[in-house]
Amino acid sequence: METGIKSSFIPQSPVMGASPRRRSGGGGFDFFVLIGLVLFVASATLAAGVFLYVQFLQSSNASKLEQLERAKAAFEPALIRELTRLDDRMRAADEVLAKHVAPTALFALLEQLTLQTVAFSSFDFTTGSEKTTLTMQGLARSVNSIALQADLLSRSGTIVSPIFSDINRQIGGVRFNFTANIRPEALNYRALTSAPNPQLQPQQQQQQPASPFGEGGSGAPEAEQSPQSGAEQAPQASTTPQQP
């Protein structure tokens, strides 16, 4: 007898597969973790590189300092210090010579330019930062002698602005005061010693008498006693005669 119940366990319809599970939302977190790891590795690598570079620089500096010390020892520091002191002394001596004044050149010039009819009794030489001043007193045979002497001194090139003042006639002659400025470069010691051929005025042959204008002096006329030939010329320097 057939019943309505089927005893077969084989399913007649296809079995539906299980639905796939959805992944949880943790993908963004994994990405940031990966980025953090990369940055950490890069930072560690960079720090190691900086550390190694610093060590290299320190080692290089130490090596260079050692080489420098060896080079300094090879150059003999004691000798270098001695040469440095010598150079300083030479520079100081050079500065002193550059400012040194040689008054002997002025004496030689006055010896050449002073007339036999003029005698100086005092000499005052003052040097300053800007100018050099010469002050003298003297005695001349006549006013004409003073005029010629003023002309010779004014044309010397070394004596600037010669002035004869307080001219006073006396029994022994004509007394006067003399002031002038001296060109500093004309008396510079270095310039005088470095000049190959210093050009001076022709030296005058002088014979000093017992008194400035006594009988023992030169018997030649006054115009012949000057360093130049010819009669006396008008002076270029200022003279201020006084009444006897």
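The values are calculated or read from the model by the stated rules, or taken from the named source; none is laboratory data. Quick caveat: nothing in here was measured; it's all calculated off a predicted structure. So basically every Cβ, Gly included, is an ideal-geometry build from the backbone, and we count neighbours across all protein chains shown.
Output yes when any residue across the stretch 106-113 is over 32 Å from the mean Cα position of the chain (by Cα), free of Cβ contacts under 8 Å to residues at least 40 places away in the same chain and surrounded by 10 or more Cβ atoms within 10 Å (Cβ to Cβ), and no when none is. Yes: one or more hits. For beta carbons closer than 7 Å, sequence separation of 6+ or different chains, a first residue in the stretch 130-148 that is in the same structural domain as GLN116 (by TED's automatic domain parsing) and a second that is among the basic types (Lys, Arg), the qualifying pairs are LEU139/ARG175.
All conditions but one from (1) modelled with pLDDT of 65 or more; (2) surrounded by fewer than 10 Cβ atoms within 10 Å (Cβ to Cβ) apply to SER19; the one that does not is (1).
Per-residue answers, yes or no, for (1) surrounded by 12 or more Cβ atoms within 10 Å (Cβ to Cβ); (2) over 22 Å from GLY172 (Cα atoms); (3) aromatic (Phe, Trp, Tyr):
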site	(1), (2), (3)
ARG91	no, yes, no
HIS100	yes, yes, no
GLN116	yes, no, no
SER121	no, no, no
PHE125	yes, yes, yes
THR133	yes, yes, no
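A single member of ILE159, ILE146 is at pLDDT 85 or above, surrounded by 11 or more Cβ atoms within 10 Å (Cβ to Cβ) and under 32 Å from the mean Cα position of the chain (by Cα), and it is ILE159.
How many of the residues in the stretch 136-171 are over 26 Å from ALA105 (Cα atoms) and among the small types (Gly, Ala, Ser)? Break it down into steps so the answer makes sense when it comes.
In the first step, residues of the stretch 136-171 are kept if they are over 26 Å from ALA105 (Cα atoms); the result is 141-144, 166-171.
Okay, now just the ones that are also among the small types (Gly, Ala, Ser), so 142.
Total satisfying the criteria: 1.
Would you call ASP88 part of a helix (DSSP H, G or I) and either touching a helix residue (DSSP H, G or I) at 6+ places or on another chain (Cβ under 8 Å) or at pLDDT 90 or above (or both)? Break it down into steps so the answer makes sense when it comes.
Values: part of a helix (DSSP H, G or I): yes; either touching a helix residue (DSSP H, G or I) at 6+ places or on another chain (Cβ under 8 Å) or at pLDDT 90 or above (or both): yes.
Judged against the criteria, ASP88 is a match.
Restricting the stretch 129-185 to residues that are assigned to a helix (DSSP H, G or I) and of a type in the set (Asp, Glu), the residue that is farthest from PRO103 (Cα to Cα) is ASP151. The set of residues in the stretch 92-126 being within 16 Å of MET136 (Cβ to Cβ) and among the hydrophobic types (A, V, I, L, M, F, W, C) consists of LEU106, PHE107, ALA108, LEU109, LEU110, LEU113, LEU115, VAL118, ALA119, PHE120, PHE123, PHE125.
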